[in-house]
Structure formats: structure tokens, C-alpha cells
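Asker: Below you'll find the structure I mean.
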Amino acid sequence: MKTAPEILQVLQAQFPEKILKSEMGVLDPWARVEAGSIVEVCSFMKSDLNLSFDTLACLSGVDFKGLKGETERLEVVYHLFSMKQRHKFVLKVELPRDNPSIGTVEGIWAIANWHEREAFDMFGIRFEGHSDLRRILCPDDWEGYPLRKDYEQPETYRGMPVRPVKQFVEMANEGLPVGTNPFKA
Amino acid sequence: MQVEAFEGEEMILNMGPQHPSTHGVLRLELQTDGEVVQKITPHIGYLHRCFEKHAENVDYPGVIPYTDRMDYIASMNNSLGYALAVEKLMGIEVNDRVKALRVIVAELNRIASHLLSIGTYAMDIGAFTPFLHCFREREKILDLFEWTCGARLLYNYNWVGGLSHDIPEGFVDKTRQFMAEFEPVIAEQNELLSFNKIFIERTAGVGILGEELAISYNVTGPNLRGSGVSWDLRKADPYCGYETYDFNVPVGQGKFGPLGSCWDRYYVRVREMEESLKILRQALDRLPDGDVQEKVPKKVKPPKGEVYGRTETPRGELGYYIVSDGSPNPFRVKIKSPCFTALAVLPVISKGEMVADIIAVIGSIDIVMGELDR
Amino acid sequence: MEALLKLLSDNVAGYGSLASPLQYLLPMVLASLCCIALVALFPIVAVYAERKVAAHMQDRLGPMRVGGWHGWAQTIADGIKLLLKEDIIPSEADRVLFKLAPLVVFAGGFASLVVLPFGASVIVSDLNIGVLYVVAISSLGVVGIIMAGWASNNKYALFGGMRAAAQIVSYEIPAVMAILTVVIPVGSLSTQEIVRAQEGGWLGIGNWFIFKPVTAVAFLVYYLASLAEVNRTPFDIPEAESELVAGYHTEYSGMRFAFFMLAEYVNMFVVSAIGATLFLGGWNSPVFGGPVAFMLKSVALVFVQFWLRWTLPRLRVDQLMYVSWKVLLPASFVLVILAGALAVR
Amino acid sequence: MKEYFRDIFQSIWTVLLGMKITWKHLFTRACTMQYPDQRWVLPERSRMRLFNKIEDCIGCGQCVRACPVDCIYMTTEKRTKDEAPVFASDGTPIKLRVTQFDIDMSLCCYCNLCTYPCPTHCLVMTPEYEFAVYSKQDFLYRFAKDKPVAPPKPAHHTPVPEPAK
């Protein structure tokens, strides 16, 4: 069991230039890692006996767009956890919004395979070296990346309307005989 | 969607999305050689309804009905996880009555969820009667919930900072009565199903999930405990005052065949119901007084920041990664779904098994597609 | 049928003077009509009974609305519904085989009724190879099942058909062996002879084969094997609904599906009736003999089939084969040898 | 060899045990409720059909904002000064004329979030559960009685349900 500052110390000692930023006083202390070296850092964190982060609890993409005081960017957030040591740590990686790409940690934690597919599906982040980078939740031929803040929902998908054609209330406002008041009597 | 070229006698069998035992709309592409399955490719997303996008467009209390609809079998546990995460973000500390009531509803819901899981598992294996016996008991829990919060399945009960209702008068006695009726049912189910030789033959020794593999795939909950890892967030990272309750964490023992088999996972759930009864008994005994809506904020507006809150739902570790930008709507809500990770390991553990075993493995990892696809 | 013929020629004036084929024709038609009535009525009652038994075992009530009293008309309504349903044939199916399969399955069960000894003289035809005839003709069903599985052009159906073929073929052997343990002491393959051999004894039931040491075990073997032959739980893998959707009849609907259903229940009755004939003394009974006793015994065995179905999970294919080849088959061989030794003595 | 016979014995024994249990249940009371003949009395907290006592509605629009699925549609207009003052049953003055109060029950998710903020408690979920209709369009419940007097203004909040935007 190590506290977050201790983990950060170990990381800073190992990768002095790769840890770009860190914050320890928050609910879940995190460190920002240089995008190119995430695989290296992760495999160290797994294999180092003092850290031994043997599981990836969560991998999330976040689209920082339209947020005051934040640069527009994509973030990949790794929530790491160690079953052996029972401590946790958060790694973050900053990516550009257009053409984001980062190395895969699939080889380190097997579950990253599906998590990365989801991040690819939702944010369009390419994970280089991923064995099977397909969309996972959306259909294979879906266009756009739904969880990006500037995502526009398409009107149709393969000729089928994506949204309901018209809500009942819109019909009613147009004067169509829709809707009743069942409590009138 | 490419079909790999293969030769010989192999056949592609499309199991799902409409299939009686894929627990919803899961589609598995099986590459079979006769009855033996060589390769499994799960296709998910048939129930994807953009939970995470929805959550960005409603305010914090408005997310709770959506969380209920993720794992609709264990809604109480889902909304509890969300409420706890937001409370952590806002720094709200609820009073003891709220904590105790949350434990009560969460454990009742855990029993209900495990009953459903066990019942449908029995049905997957081909025994229909245990399924309805389990449902009979589950209905009693749902009645209790309906009495408490007005809904049978999607409760919207755990609010940020409190609960929607206090329990009605007489709830404690009714719950005790249910527990008294329910305890013999577990023994009966064990006799009827768990220790039936055919059931053991079908499930023990099938779908072996080793400890290493489970951790690498971040499999959590009963599935992980079935592999012999004593890991329960209620003990390891307690919330809602779980540390003050006395209960055990059942783990798989490999009683019949190798450790981590379907039977082990199944039986962990059976024993967890007994442990839940233990917790319930203690919680009902000590139920403190208090106002359940004391700390409910008028306007839920967490400060800028982020939190990863995790709770132990009946299916495992449910994580909410919430990023707040200080506005009334969450900036980003990401769900770490326990079913998601459990299904990811399915192709690995059921390779080389028979078609009938695939059904047994799917049932034993107890997935709910609503949560998996979000 | 002979009894019917005798009845007609004794009571109808001039009947004996008809041409011989004509003389035989009328009893034949009458007997077939009786069989058809049985085949049509038994499933209706049995399906209703099964639903009720299942419901009550699961603390439910089962059908309660159609027809008033406890929903007695439910299966009739269901039958009518099935008749009225659209007849769907998958476009890629082998149409001829697809249409033929339900009939073949049904014919197997139906033809077996010929040698069932309902009473001392109530039998369509007392063949001297009756038991052999049943064993042979009831295997016709499996041909129909494979036809259905193949013709549907559905992978699940094909799986079901393949499983059914493997299962029925392997369970036929222990079933026949178990039957042999009865045939050896009786020394005849005629069902009536076997029933007569069980007359008398202590309390009028002492000579039933189920109360004799070797054949008692043989009864168990026969009953298990017969369960497998009619695809009932725990051996219902050909139609295992949680694995194969509906197995070989996945693609069938409407009346064709109803034929499979009819055949299943008729087969259940047939194997139970054979069991009752061979081991439970047939129409013998200390209180009242004849068709009533026979039917009661058969229905009791059918009830046990229900009971097992609503209690047990289903076996896997390889376990099913294990039970057949490694448990039932050796056991039945031992039984046959023992029965032979006892007969020689 | 010993195991072989033990397995056979265990199979038969556990099957018999199971049969004993199902036999017992054959004679226990069924827990079925014969629905149209017997009816369930739902607890008062049951959240079923939404009902709005429109006479008490002050048109504050809090329910509209609370609804996570945007199934409540409300249009209001200001009552002019020279109109006779109207009060809700608890004495709250009604300053707005509710010209449209539509609830699309086919979209409602029964979460009950709309009823909590209601200041006059006029929007409630009733324990009534038999409200099937022949046409889905009839699920649009139109509660408003008043017709707009002034030319229609933009709605208080006219949400167009957008699942993902």
C-alpha cells in the first residue's frame, strides 16, 4: 500500500521527463504523462514490484471542448488499481482533438482491449498497435464519434430516420387531433 | 465484419441477438467444429442508448433515472454508486439513517438480483422450476420496494444527499418476515439445484477463469470471488458504513472440479445471499433515527473537479468517473461496467467448450445487457 | 381387431358372407379411427395436464381462463390457434422434406399403437413380433427429426437433428436390451403373451416384472432410455430451448409444429405404455383389469415423465452419450446375461 | 470404479431429492394472482399515471426543467393586471395562464422527479395502473383548459427531445 504522492515519487524518479503535471490534493490524485510514453510508464507500473498495478479499473476518454479555462483537447484517463498492494492511481494523457492517436496498453492489461475499442468508438482516438480496433457499441459503419462535444447526430442511418419523425406534441401543436385529457370526466 | 477464411468442417453459428439464453441482445459469433466452439466473437451494442451522452445533457439528479435503467436488475445499487460519487464530489456526508437505509435497500436489491441470476442460470441449464421459485421470492422484495418508493424496478430512490422517501411504517417487520420466509428457500434451492448431480456435471469444470486472467481482465464481483480472490469493495473500500457490519466474503472453493468454474461463480452468489441476510439483520436492528432528506441540496451543483466512485453492485465493481465543470450538468460521466469486463473475458474462458457450455458460461458471468451496452 | 371381426360376424347378419378383404376392411378402419381418436385426444389432455403439473410444481396456477373451470379448454384453444396460424416455410428450405418431416415423425408414434395391449382382447393386432415391431417402428421418428433438421436450412435445426440422431440411436440399444430381459423369461415377443405371463402372483401383482429382481433394474434402464428416446428432460438436448432455440422444429409453425407436438406426446404415451406392458403387468390388475388399468399405469408413467422434466436440468451432449454407453449399456448387458442365466436355470 | 458407482448413486439420489421438493410444491398454495378477477391494491406511493390538477398549476415550469426525458410541455402567458386574480387551493396566486400543459405519457420514465419541485403539489403520480389506450397518440395528455388570449409567444421551454446532442 502506497499513497499517491509516494507513487508519484517513484514515477518521477523513473521517468523524470515524462511526467508533465500532477495533482495530489484532489479526490483522485493524478499525474499527466507524455502521450508517447504511456505504454512505457504503464508497463513499468505493472511490473514494478512496489507498484504492481495489476489491473486497469477504467479507461475513459474525455473531450475538453467548450470549457472555459481549458485548452481544447482530448484526454485519456487511466484508473489503475493494484489488487496486490491495494492502492490506486490515475494517469492522464493529453491528445490533440484532430487525429488523436496513442499507444495501446492492451498488452499490459487485457481488458484495455475493449476499453480502448470503446474510446475509439466514442471519441475516435486511435490506439496504435491495437489488435482489433473496431467500433464496439455503435454499428461498424456509424459515422462520427458520438461523445465528442461537437458531435452532430445524423438524420438517417442507412436510410432509416435516427430520431422519431415527429413527437406527438409537435403534431398537436400543428393542430392535428392528437392527445386527450383522460381526466376530464 | 469480416469473416475469416477457414477451411475444413467449421461452421459459423450466429448466437443472438435474438436467442433465449444470451440474456438480452448479445450476439455471439461462434466458429464451431461440430459441437465444439473454436472461436467466439462477441458483438455488443444492440442495447446501446447513449447513457453517457444523456448524462451530459441532464442535470445531476436527472441522471439517476438513467442509472436505474442501466442494470435494471439492481437499480438500487446503480443509483447508490452514482449518488455516492456525486456526494464525494460535493463533500456531502449523509446521516446514519440514510446510510443504514441505503445498505438495507442495496442488500435487498442484491438478493433480488442474485435470485434472478440464479433462476435464469437454472433455466439456461434446462431446469425451469428453480427459476420460478426464485422469482416468487424476488417478487416479495419488489413488493417491499414498491411500498417504499413506489416503483418495482426503476426506483429513483437514492438521491444525491439522501433518499426520495423514508421507509413506510411497518417496513422493518415486513422485511424481517420476508427474511424468515426466504432463508429456508435458499436451502431448498440448494437441494433442488445447486447440489443436483446433473447441474454439477454441467457447470463444474466448465469455463474455468483463473485468478491471473480474472485480474488482468479486471473481472470483479462474484465472478472474481468465484476464482478464489477474496475481493469485495464492501470490505476493501467500504462505503455507507459497510465496515461496521459483520459479514463474510464468500469465495469459490473449487468443491467440484477446478477453481473458478461456473459452479463456483454460481455458488458464490448463493452464499452471498446468505451474507446479505446477515447484513440486513444487523442494519434493521440498529436503524437510527433521522431525516432522510436532511442533506439533499436544493440545487446539485458540484464544484469543478472529478471523481471516480466505485461500489460493489451484485455484478461487481461499478465505477462512475464523473468530471464536473461546475455547471448543473455533468461534463462527462463514464461508467465502468462490471458486465463489460466480464463479457470481455468470455471468449477466452469458453474457447474449446461445447455450444451448451457457452450457454452455461454466459449465464454464470451474469451479464445484464442494459449495463453492458449502456 | 380379431375380436372386432368376430363381434361383427356374430352380430351382423350376412357379414361372414362378404368377401374376405372386405370383411377385414371394416374392423381395420374402425381400429384406425380409435387410434386416431386416441392420438388426437391424448395430447390435448396430456398437454393440459403437463401445464397444470408444471404450474403447481412452480407454485403457479397454470391456464385458468379458457373454458371456465381451471382453464380446461386451453389446449383445445391452442390447437385451434395452431390450425389457424399462417403456414410459414423458409424460402431456402427443402420444401418436400420440410413438409414430409412432421408426418414421418408422427407416423412413427402412431404406428406403434398397433401392438399396445389395452385389454385382453382390446388390441389392434396381436403381432407375434409385437415388441420388435414397436422398437423398429418407433425409430422411424428419428428419420423425421433428421429430415426436419436438414430441411429447415437452419443451423440450430441442424444441430438439433444431429443431436437427436445420435441420441436416439444410442439409447435404442439399452432400451432393447432392457426389453430383452423381459422377453427372455417369457419366451415370446408378443405383447399379449408378455402381459399374460404377468398374471397372478402375490396379491395379483406378484408376477409383474417390476417386482422381480433383474427386471426391476431393467425397468429403470428402460425408463431412462425411453426418456431419451422421446427427448424429454433431462435428455431433451435435441430441442434444448436455451441452447438451440427450439432444436429441429425451430422453423416450424402452425399445424406442422402441432404435428411435432402431437408426435412428442404420442411417443411419450407409447413408451410409457410399453413400459406398463412389459414391467407393470399391462392390463392386469388385482382390482379391475382391462383398458382402465392399462391406461392408469401408462398415465402414471407419463406423469413421472412430467415430474422429472420439471425437476431436472438438462444434460450435455457428451454426458448424454456417457450415460448411454458407459452406464446404461453395460448395465443392460449384465441384466440380459443375468436374465438368461435365470431362464436357463 | 468406486467413483463410477458413487457417481451413479449420487445422480439417482440427488434426482430423488429434487423430485421430493417438486412433489412437495405440487401441494403448496400457488402464489398467482388472478388479475382481472383479483386486483392489487397498490401502495399509495406507487408511481403510475401522472395527473395534474390544472386549477392549482401556477405555471412555474419547474416540472419541465426537472424532467430528465423532456416529456412535459408547457406554454404560459402572463395574466393581465385587469383580470380577476386567481389563486390555487393553497392560496398561491396564479400569475400565469397555462395555455398548454401536455404530458406525453408514452415518453414518461416514471421517475417522479417532476412532482417533487411542484410548489402547489398539483402534479402527482397516481397509483392507477390501468391506462392502456388503443392509439399511442392518446398518451399525450392535454391538461390545459385556458386558451391563449394574447398572440402566442415563444414557449416557456419548448424542448424538442434530442437523445444525443
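Asker: Give the residues of segment A:12-33 that are touching a strand residue (DSSP E or B) at 6+ places or on another chain (Cβ under 7 Å), acidic (Asp, Glu) and free of Cβ contacts under 8 Å to residues at least 24 places away in the same chain, sorted by residue number.
Answerer: Result: A:GLU23, single match.
Asker: What do you reckon, is C:ILE337 modelled with pLDDT of 85 or more, crowded, with 22+ Cβ neighbours inside 10 Å, out of contact with any Pro (no Cβ under 6 Å at 6 or more places or on another chain) and assigned by TED's automatic domain parsing to the domain that holds C:PHE98?
Answerer: no
Asker: Can you find, within segment B:291-318, the residue that is nearest to B:ILE73 (Cα to Cα) among those that are small (Gly, Ala, Ser) and open to solvent by less than 10 Å² (accessible area, probe 1.4 Å)?
Answerer: B:GLY316
Asker: Among (1) in contact (Cβ under 8 Å) with a residue 24 or more places away in the chain; (2) loosely packed, with under 12 Cβ neighbours inside 10 Å; (3) of a type in the set (Val, Ile, Thr), which single condition is A:VAL165 missing?
Answerer: Of the numbered conditions (1) in contact (Cβ under 8 Å) with a residue 24 or more places away in the chain; (2) loosely packed, with under 12 Cβ neighbours inside 10 Å; (3) of a type in the set (Val, Ile, Thr), the odd one out for A:VAL165 is (1).
Asker: Just name the residue that is farthest from C:GLN198 (Cα to Cα) out of those in segment C:296-318 that are open to solvent by 10 Å² or more (accessible area, probe 1.4 Å) and not in a helix (DSSP H, G or I).
Answerer: Of everything passing the filter in segment C:296-318, C:ARG316 is farthest from C:GLN198 (Cα to Cα).
Asker: Looking at (1) within 13 Å of chain C (Cβ to nearest Cβ); (2) within 24 Å of B:GLY24 (Cα to Cα); (3) buried (at least 20 other Cβ atoms within 10 Å of the Cβ), can you tell me which one B:LEU209 breaks?
Answerer: (1)
Asker: For a quick check of your reading of the model, give me the residue pairs whose first member lies in segment B:179-193 and is in the same structural domain as B:LEU108 (by TED's automatic domain parsing), whose second is open to solvent by 20 Å² or more (accessible area, probe 1.4 Å) and of a type in the set (A, V, I, L, M), with beta-carbon atoms closer than 6 Å and at least 6 apart or on different chains.
Answerer: B:GLU191/D:LEU17
Asker: Here are the criteria: (1) more than 24 Å from B:SER324 (Cβ to Cβ); (2) in contact (Cβ under 8 Å) with a residue 40 or more places away in the chain; (3) open to solvent by less than 60 Å² (accessible area, probe 1.4 Å). Tell me which single one A:ARG86 does not satisfy.
Answerer: The one condition A:ARG86 does not meet is (3).
Asker: Name the single residue that is nearest to the other protein chains (Cβ to nearest Cβ) among those in segment C:199-213 being of a type in the set (A, V, I, L, M, F, W, C) and touching a Pro at 6+ places or on another chain (Cβ under 9 Å).
Answerer: C:PHE209
Asker: Something else about it: For the structure I just gave you, tell me whether B:PHE135 is more than 21 Å from B:THR313 (Cα to Cα) and either open to solvent by 10 Å² or more (accessible area, probe 1.4 Å) or away from chain C (no Cβ under 11 Å) (or both).
Answerer: no
Asker: Just name the residue that is nearest to the other protein chains (Cβ to nearest Cβ) out of those in segment A:1-51 that are in contact with a helix residue (DSSP H, G or I) (Cβ under 8 Å, 6 or more places away or on another chain), of a type in the set (D, E, K, R) and over 26 Å from B:LEU89 (Cβ atoms).
Answerer: So, considering only residues that are in contact with a helix residue (DSSP H, G or I) (Cβ under 8 Å, 6 or more places away or on another chain), of a type in the set (D, E, K, R) and over 26 Å from B:LEU89 (Cβ atoms), the one nearest to the other protein chains (Cβ to nearest Cβ) is A:ASP48.
Asker: May I ask you to list the residues in segment B:24-66 that are within 14 Å of chain D (Cβ to nearest Cβ) and without any contact (Cβ under 8 Å) to a residue 40 or more places away in the chain?
Answerer: B:LYS53, B:HIS54, B:GLY62, B:TYR66
Asker: Something else about it: Do the conditions hold for B:LYS235, that is, is it crowded, with 17+ Cβ neighbours inside 10 Å, without any contact (Cβ under 8 Å) to a residue 40 or more places away in the chain, of a type in the set (Lys, Arg) and under 24 Å from B:VAL268 (Cβ atoms)?
Answerer: no
Asker: Give just the number: which of (1) over 29 Å from C:GLY160 (Cβ atoms); (2) part of a helix (DSSP H, G or I) does C:ASN284 not satisfy?
Answerer: (2)
Asker: Just give me the residues in segment B:311-342 being among the basic types (Lys, Arg) and at the interface with chain A (Cβ under 7 Å from one of its Cβ atoms), in sequence order.
Answerer: Within segment B:311-342, B:ARG332, B:LYS334, B:LYS336 meet the criteria.
Asker: Filter segment B:319-342 down to the residues that are charged (D, E, K, R) and free of Cβ contacts under 8 Å to residues at least 40 places away in the same chain, then identify the one that is most open to solvent (accessible area, probe 1.4 Å).
Answerer: So, considering only residues that are charged (D, E, K, R) and free of Cβ contacts under 8 Å to residues at least 40 places away in the same chain, the one most open to solvent (accessible area, probe 1.4 Å) is B:ASP325.
Asker: Still on this structure: Are there any pairs with C-beta distances below 6 angstrom linking a residue in segment D:96-115 that is away from chain B (no Cβ under 12 Å) and over 30 Å from D:ARG79 (Cβ atoms) to a residue that is among the polar types (S, T, N, Q) and surrounded by fewer than 23 Cβ atoms within 10 Å (Cβ to Cβ), with the two at least 6 apart or on different chains, and if so which?
Answerer: Matching pairs, first to second residue: none at all.
Asker: Next up: Can you find even one residue in segment D:60-77 that is loosely packed, with under 12 Cβ neighbours inside 10 Å and within 12 Å of another protein chain (Cβ to nearest Cβ)?
Answerer: Taking every residue of segment D:60-77 in turn, none turns out to be loosely packed, with under 12 Cβ neighbours inside 10 Å and within 12 Å of another protein chain (Cβ to nearest Cβ).
Asker: Moving on. Out of all the residues in segment A:49-65, which are modelled with pLDDT of 80 or more and not in a strand (DSSP E or B)?
Answerer: Those that are modelled with pLDDT of 80 or more and not in a strand (DSSP E or B): A:LEU51, A:SER52, A:PHE53, A:ASP54, A:LYS65.
Asker: It is to be established whether one or more residues within segment C:47-54 are among the basic types (Lys, Arg), outside the structural domain of C:MET261 (by TED's automatic domain parsing) and more than 27 Å from the chain's Cα centre (by Cα).
Answerer: no
Asker: Let me ask you something else. For D:LYS81, indicate whether it is within 13 Å of chain B (Cβ to nearest Cβ) and open to solvent by 40 Å² or more (accessible area, probe 1.4 Å).
Answerer: Against the criterion (within 13 Å of chain B (Cβ to nearest Cβ) and open to solvent by 40 Å² or more (accessible area, probe 1.4 Å)), D:LYS81 does not qualify.
Asker: Which of the residues that make up segment C:262-295 are surrounded by fewer than 21 Cβ atoms within 10 Å (Cβ to Cβ) and of a type in the set (Gly, Ala, Ser)?
Answerer: Correct list: C:SER285, C:GLY289, C:GLY290.
Asker: May I ask you to verify whether A:LYS21 is surrounded by 15 or more Cβ atoms within 10 Å (Cβ to Cβ) and more than 17 Å from the chain's Cα centre (by Cα)?
Answerer: Here the answer is no, as A:LYS21 does not meet what is asked.
Asker: Checking the conditions here, which among C:PRO43, C:PRO21 is assigned to a helix (DSSP H, G or I) and either in contact with a helix residue (DSSP H, G or I) (Cβ under 7 Å, 6 or more places away or on another chain) or surrounded by 16 or more Cβ atoms within 10 Å (Cβ to Cβ) (or both)?
Answerer: Step by step, each of C:PRO43, C:PRO21 is checked, and only C:PRO43 is assigned to a helix (DSSP H, G or I) and either in contact with a helix residue (DSSP H, G or I) (Cβ under 7 Å, 6 or more places away or on another chain) or surrounded by 16 or more Cβ atoms within 10 Å (Cβ to Cβ) (or both).
Asker: In segment C:230-271, which residues are on the phi > 0 side of the Ramachandran plot and either within 14 Å of another protein chain (Cβ to nearest Cβ) or free of Cβ contacts under 8 Å to residues at least 40 places away in the same chain (or both)?
Answerer: C:ASN231, C:VAL245, C:GLY247
Asker: Go through segment B:343-354 and give me each residue that's open to solvent by less than 10 Å² (accessible area, probe 1.4 Å) and within 10 Å of chain A (Cβ to nearest Cβ).
Answerer: Residues satisfying the conditions are B:LEU343, B:ALA344, B:VAL345.
Asker: Now for a separate question. Give segment B:138-163 a look and list any residue that's open to solvent by 10 Å² or more (accessible area, probe 1.4 Å) and not in a helix (DSSP H, G or I), or say none.
Answerer: The answer is B:ALA151, B:ARG152, B:LEU153, B:LEU154, B:TRP159.
Asker: While we're here: Go through segment B:39-117 and tell me which helices (runs of 4 or more DSSP H), entirely inside it, have 3 or more residues that are of a type in the set (D, E, K, R).
Answerer: Per the criteria, B:51-57.
The values are calculated or read from the model by the stated rules, or taken from the named source; none is laboratory data. Note that this is a predicted model, so its numbers are computed, not measured. No Cβ is skipped: glycine too gets one built from the backbone with ideal geometry, and neighbour counts run over all protein chains shown. Just the protein is used for accessible areas: all its heavy atoms, side chains included, with ligands, DNA and RNA removed. Shrake-Rupley method; radii C 1.70, N 1.55, O 1.52, S 1.80 Å.
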